[in-house]
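A.B. asks: What follows is a single structure, and I will ask about it in a moment.
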């Protein structure tokens, strides 16, 4: 059975729904998802879920590609989806907490995704920038520090800040408000279908990253 490292796409040939060159000149702020967009962590999150699922039900198997369709959602929402998908009779909140603890205890140094991280460094010199992530704040902070990107961002929005996380637009609207920029003047980079939906619902311009790029092209 292939592991997450074999299943996760090669970031050298990262697919984008449109080229990034010069896009920042057309907007007032740039907002970034974290996991799978700025930092290559989806495999690490998957490994944590694998470990917890083996503890509660050794026969459970979570398909990696299916797991990635929930990218950007809050951990408790992902846990509920997993319980429904695998027909597990467990408390989703308890599972989400265990998975979060497991992830935070990993010793992994999470690598940046160079094409997006380099773009973030460039636009941070001239534009307000923010991270808008479905991850728990402690995990997002750890991930950004691990990749050496934390100091780029004064504003970080996570599900703890809103009532409704992705795919609702609330997190992106809050980030725009914190940056003092109108939603329609924001550019968003996102790899997860729920995040793409959230940013579009917020009235923002979206560049989809990785597999989500094909999805966005189909929507246009």
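A short reminder: the numbers here are calculations on the coordinates, not readings from a lab. Not measured: the values here are computed from a predicted model. Here Cβ is always computed from backbone atoms with ideal geometry, including for glycine, and neighbour counts include all displayed protein chains.
A.B. asks: Considering all alpha-carbon pairs of region 118-220, what whole percent are spaced by more than 19 angstrom?
C.D. replies: Percent of Cα pairs beyond 19 Å in region 118-220: 41.
A.B. asks: Suppose R0 equals 30 Å; then what is the FRET efficiency for residue 81 and residue 115 from their Cβ-Cβ distance, rounded to the nearest 0.05?
C.D. replies: 0.55
A.B. asks: In addition: What's the Cα-based Rg to Rh of the chain, Rh via Kirkwood?
C.D. replies: My calculation puts Rg/Rh at 0.95.
A.B. asks: Considering only DSSP beta bridges with both partners in the chain, what is the antiparallel share in %, to the nearest 5?
C.D. replies: 10
A.B. asks: Okay, moving on. Give the share of C-alpha pairs in each 5 angstrom bin for region 23-152, from 0 to the last occupied bin, in whole percents, shortest bins first.
C.D. replies: 2, 10, 21, 21, 16, 12, 8, 5, 3, 1, 0
A.B. asks: Can you give the relative contact order of region 105-178 as a percent, counting alpha carbon pairs under 8 Å and 6+ residues apart?
C.D. replies: Relative contact order here is 31 percent.
A.B. asks: If each DSSP helix of 4+ residues adds -39,500 (n - 2.57) and the sum is divided by the residues in the chain, what number results at 222 nm, nearest 500 deg cm²/dmol?
C.D. replies: After summing the helix terms and dividing by the residues of the chain, the value is -13000 deg cm²/dmol.
A.B. asks: Right, next: When only C-alpha pairs under 8 Å and at least 6 residues apart count, what is the relative contact order of the chain, in percent?
C.D. replies: Values: 367 pairs, mean separation 65.2, N = 220.
In percent, rounded to a whole number, it is 30.
A.B. asks: Quick one: which of 22-29, 127-134, 139-146, 163-170 comes out on top by average Cβ neighbours within 10 Å, and what's the full order, highest first?
C.D. replies: Values: 22-29: 14.8, 127-134: 25.2, 139-146: 20.4, 163-170: 18.5.
The peptides rank, most packed first, as 127-134, 139-146, 163-170, 22-29.
A.B. asks: Then there's this: Using per-residue counts of other Cβ atoms within 10 Å, averaged over each peptide, order 155-161, 198-204 from highest down.
C.D. replies: Result, highest mean Cβ count within 10 Å first: 198-204, 155-161.
A.B. asks: For region 42-105, compute Rg over Rh where Rg is the Cα radius of gyration and Rh is the Kirkwood radius from the inverse mean 1/r over Cα pairs. Working shown, then result.
C.D. replies: On the way: Rg = 10.3 Å, Rh = 11.5 Å.
Using only Cα positions, Rg/Rh for region 42-105 is 0.90.
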